[in-house]
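The values are calculated or read from the model by the stated rules, or taken from the named source; none is laboratory data. Being a predicted model, the structure only gives us computed values, none of them experimental. Quick reminder, even Gly has a Cβ in these numbers, built from the backbone with ideal geometry, and neighbours come from all protein chains shown. The area values use the complete protein model at the heavy-atom level, side chains included, leaving out ligands, DNA and RNA. Shrake-Rupley method; radii C 1.70, N 1.55, O 1.52, S 1.80 Å.
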Amino acid sequence: MVTLRGLPLSSPRSRKKNEIKGCVFNIERFAIRDGPGIRTTVFFKGCPLRCLWCSNPESFQPSPQLFYFEHLCQQCYRCVDACPNKATSVNPEGGIEIARNLCKACGKCVEVCPTKARDISGMIMTVDEVMEEVKKDMLFYQNSGGGVTASGGEPTHQPEFLQRLFERCHESAIHTCLDTCGFVKSKVLQKILAYTDLVLYDIKHMDPVQHKKLTGVDNGIILENARMIATQGKPMIVRVPLIPRHNDSEQNIKALAGFMADLKLKKIDLLPYHALGKAKYERLGLEYKLSKLKPHKSKEIEAIKTALESYGLEVGVG
Ligand code: SF4
Ligand code: SF4
């Protein structure tokens, strides 16, 4: 995996005028779960949803932000002196305090921290710079039927950057896959679809009220966009993050299967809940609201898979 940890927020090349730039928080090479074959997954920063279980909370905000690893901090307070925005201060009760509302993610404290207790998540990149990473694995794409996946965060919320990236991939005969929550204006999505070979389409809940409770937004536009993509005949795989006691009821599974049958969709991937992203919430000073939730047992996942298969769907897990 190539991560952006330690790289400058913006390289000199990305300061050229009129270049389309985007904010990316990770580029993962040799990804095998984000579409067919061996892929490079580009993680876009910024998302309009706030799914309670999100394992990438650094993707919420559309711009770079500070990670703080408290367990590595030795309280030398160099960061306090280095911060030009008074965002870091000494806590009178011990340790340090970060005023997130004042932090501009300038990275000055990261430069002086001797223990790597600080890092900036997110980097402004040009399409050229992303393509440079992407093209390193051309041979793997060709031999495995792989390509590039745009994920996040929500990639469609940087529409120009995403569209240009996919255009460039197509110019180099690289397969493109869009991993989206679908919460985007149909007009915007249409333009991106012209350069998209496969859509991985997240559906979190079929009920609009429950959907809003779990993600912060209504699912109306999401279901409409799913219908629009299916009507165009664009290859699409539905992906469902399976969250115990939140969206795994018989009623929701039945509604989902009915919706897919209506759209003549066959493939669905279940993504079982895990709490691996929990530590990131602490690094960002955010609250993780599902800390008491236990993952499904494998036999429970198997039962949901069997239920979906009984509707004639091809179900993948993981
Ligand atoms: S990233 Fe910049 S603004 Fe934020 S705490 Fe560090 S030095 Fe201060
Ligand atoms: S510079 Fe690093 S180790 Fe020193 S107080 Fe700040 S975060 Fe902690």
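General observations
- Segment 99-127, subset closer than 21 Å to Phe44 by Cβ and among the β-branched types (Val, Ile, Thr), residue nearest to ligand 1 (Cβ to nearest atom): Ile120
- Residue-level check: of (1) of a type in the set (A, V, I, L, M); (2) out of contact with any Leu (no Cβ under 8 Å at 6 or more places or on another chain); (3) buried (at least 20 other Cβ atoms within 10 Å of the Cβ), Ala226 misses just (2).
- Top-ranked residue in segment 136-163 [being touching a strand residue (DSSP E or B) at 6+ places or on another chain (Cβ under 9 Å) and more than 25 Å from Gln61 (Cα to Cα); ranked as farthest from ligand 1 (Cβ to nearest atom)]: Gly145
- Cβ-Cβ distances below 8 Å connect the following pairs, each with a first residue in segment 73-85 that is free of Cβ contacts under 8 Å to residues at least 40 places away in the same chain and in the same structural domain as Thr115 (by TED's automatic domain parsing), a second residue that is among the acidic types (Asp, Glu) and open to solvent by 70 Å² or more (accessible area, probe 1.4 Å), and a separation of six or more residues or different chains: Ala82/Glu111.
- Residue within segment 84-95 that is modelled with pLDDT of 95 or more, of a type in the set (A, V, I, L, M, F, W, C), farther than 30 Å from Leu198 by Cβ and part of a loop (DSSP other than H, G, I, E, B) present: yes
- Residue within segment 198-206 that is charged (D, E, K, R) and in contact (Cβ under 8 Å) with a residue 24 or more places away in the chain present: yes
- Test: residue in segment 289-297 that is of a type in the set (S, T, N, Q) and over 30 Å from Ile120 (Cβ atoms): no
- Scanning segment 268-304 for residues that are among the small types (Gly, Ala, Ser), touching a residue at least 12 places away in the same chain (Cβ under 8 Å) and over 16 Å from Ser55 (Cβ atoms) turns up just one, Gly285.
Matching residues to (1) closer than 22 Å to Val317 by Cα; (2) in contact (Cβ under 8 Å) with a residue 24 or more places away in the chain; (3) surrounded by 15 or more Cβ atoms within 10 Å (Cβ to Cβ); (4) of a type in the set (Ser, Thr, Tyr):
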position: Val209; (1), (2), (3), (4): no, no, no, no
position: Asp218; (1), (2), (3), (4): no, no, no, no
position: Ile221; (1), (2), (3), (4): no, yes, yes, no
position: Ile243; (1), (2), (3), (4): yes, yes, yes, no
position: His246; (1), (2), (3), (4): yes, yes, yes, no
position: Ile253; (1), (2), (3), (4): yes, yes, yes, no
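- Set Thr180, Thr156, Thr176: member being in the same structural domain as Gly35 (by TED's automatic domain parsing), in contact with a Pro (Cβ under 9 Å, 6 or more places away or on another chain) and without any contact (Cβ under 8 Å) to a residue 60 or more places away in the chain: Thr180
- The lone exception for Ala257 - which of (1) open to solvent by less than 50 Å² (accessible area, probe 1.4 Å); (2) within 30 Å of Gln61 (Cβ to Cβ); (3) touching a Phe, Trp or Tyr at 6+ places or on another chain (Cβ under 7 Å) it fails: (2)
- Residue tally, condition among the charged types (D, E, K, R) and either within 16 Å of ligand 2 (Cβ to nearest atom) or outside the structural domain of Gly285 (by TED's automatic domain parsing) (or both), over segment 94-152: 8
- Residues in segment 39-98 that are at positive phi and away from ligand 1 (no atom under 16 Å from the Cβ): Gly46, Gly94.
- Residue tally, condition farther than 26 Å from Tyr195 by Cα and of a type in the set (Val, Ile, Thr), over segment 224-257: 2
- Output for segment 261-279, where each listed residue is touching a helix residue (DSSP H, G or I) at 6+ places or on another chain (Cβ under 7 Å) and modelled with pLDDT under 95: Gly277
- Criterion applied to Thr180, Thr156, Thr149 was being touching a Lys or Arg at 6+ places or on another chain (Cβ under 6 Å), under 25 Å from Pro64 (Cα atoms), open to solvent by less than 20 Å² (accessible area, probe 1.4 Å) and among the β-branched types (Val, Ile, Thr), and the one residue passing it is Thr149.
- When residues in segment 45-92 are screened for being away from ligand 2 (no atom under 16 Å from the Cβ) and either surrounded by fewer than 15 Cβ atoms within 10 Å (Cβ to Cβ) or not acidic (Asp, Glu) (or both), 19 of them pass.
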